[in-house]
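Below: the structure, in structure tokens.
The values are calculated or read from the model by the stated rules, or taken from the named source; none is laboratory data. Just so it is clear, the structure is predicted and the values come from calculations on it, not from any experiment. Note: ideal-geometry Cβ built from the backbone for every residue, glycine included; neighbour counts use all protein chains shown. Ligands, DNA and RNA are excluded from the accessible area calculation, which covers all protein heavy atoms including side chains. Shrake-Rupley method; radii C 1.70, N 1.55, O 1.52, S 1.80 Å.
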Amino acid sequence: MNMPGKPEPKASYRQIEGNEQSRAAIDEVIGEAQKLLSIFDFTLDQRGYGNPARIEKLRHFLLAGRAHRIRIALHEPELLERHEPRLITLLRQFPAAIAIHRTVGQARNATDPFIVADDHSVWHLLHHEQHRAVVALHSPQDASPLRDRFEEIWELTEPAVSSSTLGL
């Protein structure tokens with residue numbers, strides 16, 4: 001997926017601790033996305049989605065291509081309007097490009113939030129009650145299992161937030 005003449009980006013993998021490092025790592029993953037961002041979380045709380053710079057990154061990603069998409073699967077999407085109004089505004093600006101769903105059934109058992117950029121970069125919190133996470137950039141072998149897992153979770157979701165009326 002690289003431009004002709006540009007060197008392949010170097011794969012990297014590192015462990016991180018704490019919310020601040022996780023927010024920076026999530027920004028790195030978003031910055032590497034070329035077509036699709038897939039996000040699984042409980043509420044997005046503490047992940048930086050209220051930060052204007054993060055919203056600008058997401059806006060830039062969506063403006064970079066008509067086929068660019070963001071899919072968000074949450075256990076508790078009801079908190080978005082109150083806690084992440086900038087993300088809701090972005091949803092209203094790009095209603096065809098962003099989907100926010102609520103997990104149902106077995107998907108509600110997932111306890112490890114993550115974000116996957118395309119099929120190559122990932123931030124993964126190992127458990128929602130801990131602060132240890134990993135970030136892997138340009139590493140399909142690390143991102144592929146989480147991409148597949150997101151697809152399994154996505155199959156067990158229902159639309160939760162729409163651009164016209166909040167379906168909460």
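Relative intensity of the range 104-168 on a log10 scale, I(q)/I(0) at q = 0.12, 0.13, 0.19, 0.22 Å⁻¹, equals -0.37, -0.44, -0.81, -0.95, per a Debye sum over C-alpha point scatterers of equal strength in the absence of solvent.
Share of carbon and sulfur in the accessible area of the range 34-168 stands at 50%, probe radius 1.4 Å. Inter-label distance, A96 to E151: 2.5 nm, where each label sits 7 Å from its Cα along the C-beta direction. Helical runs assigned H by DSSP (4 residues or longer) give the chain a calculated mean residue ellipticity at 222 nm of -10000 deg cm²/dmol, each run adding -39500 (n - 2.57) before division by the residue total. In the context of the full set of protein chains, residues of the chain present 52 Å² of accessible surface per residue (probe radius 1.4 Å, heavy atoms only). Of the two radii for the range 41-97, the radius of gyration is 0.95 times the Kirkwood radius, both from the alpha carbons; that is the Rg over Rh value.
Packing-based ranking of 110-119, 126-135, 8-17 yields 110-119, 126-135, 8-17, ordered from highest to lowest mean Cβ neighbour count within 10 Å. Note on the range 19-168: Kirkwood hydrodynamic radius from all Cα pairs is 15.1 Å, rounded to one decimal. Based on Cα contacts under 8 Å between residues 6+ apart, the range 1-75 shows a relative contact order of 36 percent. To the nearest whole percent, what portion of all C-alpha pairs in the range 1-90 is separated by more than 15 angstrom? Result for the distance tail: 65 percent. Over all Cα atoms in the range 7-54, the spread is summed up by Rg and Dmax: 12.1, 37 Å. Which part of the range 57-72 falls in the paramagnetic zone of R86, meaning amide N under 11 Å from the point 7 Å along Cα-to-beta-carbon? Answer for this model: 57-59.
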